[in-house]
Every structure is written in C-alpha cells, then in structure tokens.
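Asks: Sharing a structure, written as structure tokens. Questions coming.
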2 protein chains.
Amino acid sequence: MADESLDCGGACSGCNVEGCGSRTEAPKPTARKNVKNVIGVVSGKGGVGKSLVTSLLASEMARKGFKVAILDADVTGPSIPKTFGIHGQISADADGINPAQTESGIKVMSINLMLPQADLPVAWRGPVITGILNQFWNETNWEDVDYMFVDMPPGTSDVFLTVMHAFPIDGIVTVSAPQELVAMIVGKAVNLAHDMDKQVIGLVENMAYFKCDECGKDHYIFGEPQGKIVAKRYQIPALATLPLDPTFARMCDEGQIENYDVEGALNPIIEQIEAVAARKVAAE
Amino acid sequence: MADESLDCGGACSGCNVEGCGSRTEAPKPTARKNVKNVIGVVSGKGGVGKSLVTSLLASEMARKGFKVAILDADVTGPSIPKTFGIHGQISADADGINPAQTESGIKVMSINLMLPQADLPVAWRGPVITGILNQFWNETNWEDVDYMFVDMPPGTSDVFLTVMHAFPIDGIVTVSAPQELVAMIVGKAVNLAHDMDKQVIGLVENMAYFKCDECGKDHYIFGEPQGKIVAKRYQIPALATLPLDPTFARMCDEGQIENYDVEGALNPIIEQIEAVAARKVAAE
C-alpha cells in the first residue's frame, strides 16, 4: 500500500508512489515506465484460468499491434513464464530490472524468472510479497506499454488489496467457471472490487463446455454455463465464453499460448478494454 | 505463528500455544479440544480440487465410524460449507465457538459460517487471517476428534506458513491435476513441506481423465496423467486418482458431497492416514 505519510512537500509529478491519498498531480512518465492502461485479471477462486485468460488477452492485444506487458502478481503460484515458454533468469542493471520478452514481444515480469528452478517455493508472508510487487511495478524498465495485464493470485488478501490500492488499475477482467461454488467465490472478488470503486469491465466464463471429438456431444462437466446470470447479477458489461479445450492445456505446457487463435471469442472483452482506454484519453 | 516470547514460566501442559519452540511437555487435552490427528490438504495451485478431496476424505473417514472435523483454512475462498450444504451462522457461547455439523456429523469451522451472505468478501491481510485461523483452532469447541482435515488455500504464503508452523500437522495430502504447469506449482508446496519437515503422505491426482457417456471415449483434457511421475519425483508414498466427473460438480453445488461414494478410489490415501495415526499411538 502507498505510504501516505511521506514528507514529500507535495512534489507529486516527480513522485512514483502509486495510490497516494495526498496526490494532487499525476506522476510524469519516466523513461523506465510509461504504462498507459493497467488491467487486472482476477477471480477470487483459483484454477479457473486467470493465467490462461491473461495470456490470451495479452497475445490478442499484441497481435493487434499494441505494446503489451504482463505483471505476474501470483508470486507463490506463478504460471506466466511457463505458458509463454520463457526460461532463464532476467537481468538487472543500474537502471532497474529488465523484463523478459515473449516471442511476440510481450514484456513479462514474474518471480519465476528470478528463481534458479521453477518448482522452488517462495515462503513469504504478505509484507514481503507486497514489497516484491511494488518492485515489479516501480523498478522494472517497462518503458512504453499500451496495455499491462496484471495476473492476480486467488483470494482477496494481501496481493489483491495491494494491487487494487497501489497500482493504477483502470479496469478488471474477472474469470469464472460454470460451477455455482465458483460463482460464489468469484462474487467475493467482484463485490470487493466494487467496494474499492474499481470497474469490472468483463467476465470470461472458462471451461464452459467440452465437446467430445469422437461423437460430437457437448458436455457441461462443471454444470450449466451461468456466465449470463453472473454478469447480470454483478452488472458486468462484457461476457466471453471459452470451452474446456485440451489444446489450451497442451499449449500452456508447451509454452506456445501466444500462438493459439481464440477466433474472436474474447472480442467482447477486448472491445471493452479498448473502450476504457479511449475514455481515459478523451478525459485527459 | 506461535509466540515464543511468552512469560509462561514453562507451564507447558496447561498452555494451548501450538508450535512454541520452548515447549517441553505436550498440552493436556481440554474439554474444548482433543484432536488426535491433523491432516493438511494442500496443493499450492488453486482449483485442482483441494476442497473436493478434503470433503471426500472426511466423508470416507466418517463412514468408517471415526469422529471427523474440517477446519476450512481457505479464509478468502471458503468452499466447505457449500459442498456440505451447511447454511446459517454458527453460534458461540462463553465456552467458545460451536462448530457446525454436516448430515453425517462432521464438525466444520469456516469463515463462511460467520458471514451473513456467502458472496461477501473478506478483505484482510495476512496477520488478520492468521489470527482467525488461530481462533478456529484454539477457541472452537472441537471436543473429541479422531481426524481433523485442514483445507488449505492456494499458495505458500501466510496461511500455509501459519498452519504448518502453528498447527500440530501430522501429515499432508497433496492434490494435483495432470497439467505440467500444475505439477510445477504443486511441487513448490511439496518442496516447502519437506523443508519444514512435514510428511507428505499421499498425492491425489484429480481430473485425471473424462469418460464420454455417449461413446465411452476417455479424454485426457488436461494432458496425460502424471501422478506416478510426480509421486516418484517427490517421494510421496500413496497415490490415488479421481476422474473429471460432472457428478462431483453437481453434488458440491447441491451440498451433497458426503453422499458420493468414491468406490475405494481414495483407499491408498486413507490407509496411509490411518498408518500415520497408528505410528503416532505406537510412539506414545
């Protein structure tokens, strides 16, 4: 969280402390960081496909020619490097940390790019993780980015609160799965985002159905899709649906997610994200 | 975490502070709490079925005639009350908090039994959540329990560390799904458990396959099962496999999970848990 007790003399434009309650002027973009739009991908519930949706949205935006970045805020369960097949460790110099880049040029910052071995745990409590996230945001040489996607961990504790308070989040994409149980927990994250005056711009219902490639039958493995009900209940403008597709799992495991073509399935969400960005430009 | 700086004069047997580094004598069972065996159900990764496995293991143990309890440690994403169909709020009196009970008598403590509405979020940082967990453990009238299952949230941050340090965990059951990406993150939790000298007694590979009820084809939606590889890599004694079964989702949503018969699928894990309990009795 931002430190609002800084003895700063009100020099807001040169200050990088995000979310400061005393800010009177926006910070000037620096060579290190000129991130225009920040979109959080949240769920509350784990395993519904936040990282998949983050990766697909980022890849789609990169295909459209935008400069894209992903900040992997799931510090204890980071998936992003593997889904994009990024190996090795990132470098740092006097100017800051240099993010890794995917095949199509998406800049990525993740704790798993700092560990010598992918399955090494990080056993850190909230304040340490909060410090790491602030470093990811402030000390990475992001340079010019049109859209940054923040892949959030499950839950509504430290990381959720830190990202929502201290990062300049422009909007949230939430990810759900058909089960009622999942919808209930996703509802917790959406309710909290509303309480914190953050705009929820879209819902992706993942794992909505599975089509048998032998006989063509559609299976609703996690129950009947209920994206429309959830979107209506929480007044979420855009809705997209993704199937339970073995190709997703395979391409994530092979680090090839940016080569997957969702064939427009995420367009309702992409359009809303671009609309949020356009409204921001118009308001400036 | 346990407060090791208590000015206690070494009165260990009457003290309830768990995990105290200065303890010289085991605490005497109280009327409030005589929990014989505590099993953590962990994963590292969300959405692989920790709550499902917790519920199924607890139900199986209750069917065998044991006194069973579930402590739902997933404070920001609690699933247990819904899977068992427990509604309403729990009561408390001068003696402590009275846990809810399922149809078959499993005692349950979960934050969602304290909220007026199931989708209300809890926006608490680590220290508050840690305090809640200690209350769940210390101030609940658990009375006699043969097996308590602790349903852990995803990740290896505050809750994981608190439960591992401060609860008398006898063993861990870990839950995975076929995807390599999942195995990597589950590996983080297993490595951390090993680092903390906690015994990992079994692995449940959930969502291992899906059988089409129309044509009978087996689908490996999340990739080829790799439970054997993961169990061998991390030297986990017991392995059980569960399919991706629409009935699980439906029975969780209907609060009927304790009526699901896993037909012995979890026996390898159940046997290991009973073996851990037997070794403990033998060592006393």
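The values are calculated or read from the model by the stated rules, or taken from the named source; none is laboratory data. As the structure is a prediction and not an experimental result, all values here were calculated from the model. Heads up, the Cβs are rebuilt from the backbone with ideal geometry, glycines too, and the neighbour counts pull from every protein chain shown. Accessible surface is based on the protein model in full, side chains and every heavy atom, while ligands, DNA and RNA are left aside. Shrake-Rupley method; radii C 1.70, N 1.55, O 1.52, S 1.80 Å.
Asks: Could you check A:Ile70 against (1) crowded, with 17+ Cβ neighbours inside 10 Å; (2) modelled with pLDDT under 95 and say which number it fails?
Replies: Only one criterion is unmet by A:Ile70, namely (2).
Asks: So, in segment B:87-112, how many residues would count as being over 17 Å from B:Asn138 (Cα atoms) and not small (Gly, Ala, Ser)?
Replies: Residues flagged as over 17 Å from B:Asn138 (Cα atoms) and not small (Gly, Ala, Ser) within segment B:87-112 amount to 7.
Asks: Also, quick follow-up: Checking the conditions here, which among A:Asp74, A:Asp144, A:Asp119 is part of a strand (DSSP E or B) and among the charged types (D, E, K, R)?
Replies: A:Asp144
Asks: Answer yes or no as to whether B:Val38 is crowded, with 23+ Cβ neighbours inside 10 Å, at pLDDT 85 or above and of a type outside the set (Lys, Arg).
Replies: Answer is no for this residue.
Asks: Go through A:Glu103, A:Glu60 for me and flag whichever is open to solvent by 10 Å² or more (accessible area, probe 1.4 Å), part of a helix (DSSP H, G or I) and in contact (Cβ under 8 Å) with a residue 60 or more places away in the chain.
Replies: Only one candidate qualifies: A:Glu60.
Asks: Out of everything in segment B:116-153 that is facing another protein chain (nearest Cβ under 8 Å) and under 24 Å from A:Glu180 (Cβ atoms), what residue ends up being surrounded by the fewest Cβ atoms within 10 Å (Cβ to Cβ)?
Replies: Among those that are facing another protein chain (nearest Cβ under 8 Å) and under 24 Å from A:Glu180 (Cβ atoms), it is B:Leu120.
Asks: Moving on to the next point. Across segment B:165-199, what is the number of residues that are in a strand (DSSP E or B), closer than 30 Å to B:Arg23 by Cβ and within 13 Å of chain A (Cβ to nearest Cβ)?
Replies: Initial filter on segment B:165-199 (in a strand (DSSP E or B)): B:171-176.
If we keep only those that are closer than 30 Å to B:Arg23 by Cβ as well, we get B:171-174.
Checking the rest, the ones that are also within 13 Å of chain A (Cβ to nearest Cβ) come to B:174.
Counting residues in segment B:165-199 that are in a strand (DSSP E or B), closer than 30 Å to B:Arg23 by Cβ and within 13 Å of chain A (Cβ to nearest Cβ) gives 1.
Asks: Quick one: which residue in B:Ile111, B:Ile70, B:Ile129 is of a type in the set (Val, Ile, Thr) and closer than 16 Å to B:Val38 by Cβ?
Replies: Numbers: B:Ile111 fails: closer than 16 Å to B:Val38 by Cβ; B:Ile129 fails: closer than 16 Å to B:Val38 by Cβ.
Within the list B:Ile111, B:Ile70, B:Ile129, the selection yields B:Ile70.
Asks: Considering each of A:Thr156, A:Thr162 in turn, give the residue that is open to solvent by less than 40 Å² (accessible area, probe 1.4 Å), outside any helix (DSSP H, G or I), farther than 30 Å from A:His219 by Cβ and within 14 Å of chain B (Cβ to nearest Cβ).
Replies: Just one listed residue meets the conditions, A:Thr156.
Asks: Would you check which residues across segment B:71-97 are farther than 14 Å from B:Ile132 by Cβ and within 14 Å of another protein chain (Cβ to nearest Cβ) and list them?
Replies: B:Ser79, B:Ile80, B:Pro81, B:Lys82, B:Thr83, B:Phe84, B:Gly85, B:Ile86, B:His87 - these are the residues of segment B:71-97 that are farther than 14 Å from B:Ile132 by Cβ and within 14 Å of another protein chain (Cβ to nearest Cβ).
Asks: Inside segment B:201-253, can you point out the residues that are assigned to a loop (DSSP other than H, G, I, E, B), of a type in the set (S, T, N, Q), within 13 Å of chain A (Cβ to nearest Cβ) and open to solvent by 10 Å² or more (accessible area, probe 1.4 Å)?
Replies: Hit for segment B:201-253 is B:Gln226, nothing else.
One line per residue, one yes/no per condition, for (1) under 22 Å from A:Thr241 (Cβ atoms); (2) within 13 Å of the chain's Cα centre (by Cα):
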| position | (1), (2) |
| --- | --- |
| A:Ile129 | no, no |
| A:Ile132 | no, no |
| A:Asn141 | no, no |
| A:Asp151 | yes, yes |
| A:Gly155 | no, no |
| A:Leu161 | no, no |
| A:Val173 | yes, yes |
| A:Ser176 | yes, no |
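Asks: Shifting gears a bit: Kindly check whether there is at least one residue in segment A:106-114 that is of a type in the set (S, T, N, Q) and within 18 Å of B:Trp124 (Cβ to Cβ).
Replies: To start, the set of residues in segment A:106-114 that are of a type in the set (S, T, N, Q) comprises A:110, A:112.
Next, only the ones that are within 18 Å of B:Trp124 (Cβ to Cβ) stay: none.
No.
Asks: Please go through (1) buried (at least 18 other Cβ atoms within 10 Å of the Cβ); (2) hydrophobic (A, V, I, L, M, F, W, C); (3) touching a helix residue (DSSP H, G or I) at 6+ places or on another chain (Cβ under 8 Å) for B:Val262 and return the number of the only condition it doesn't satisfy.
Replies: All conditions are met except number (1).
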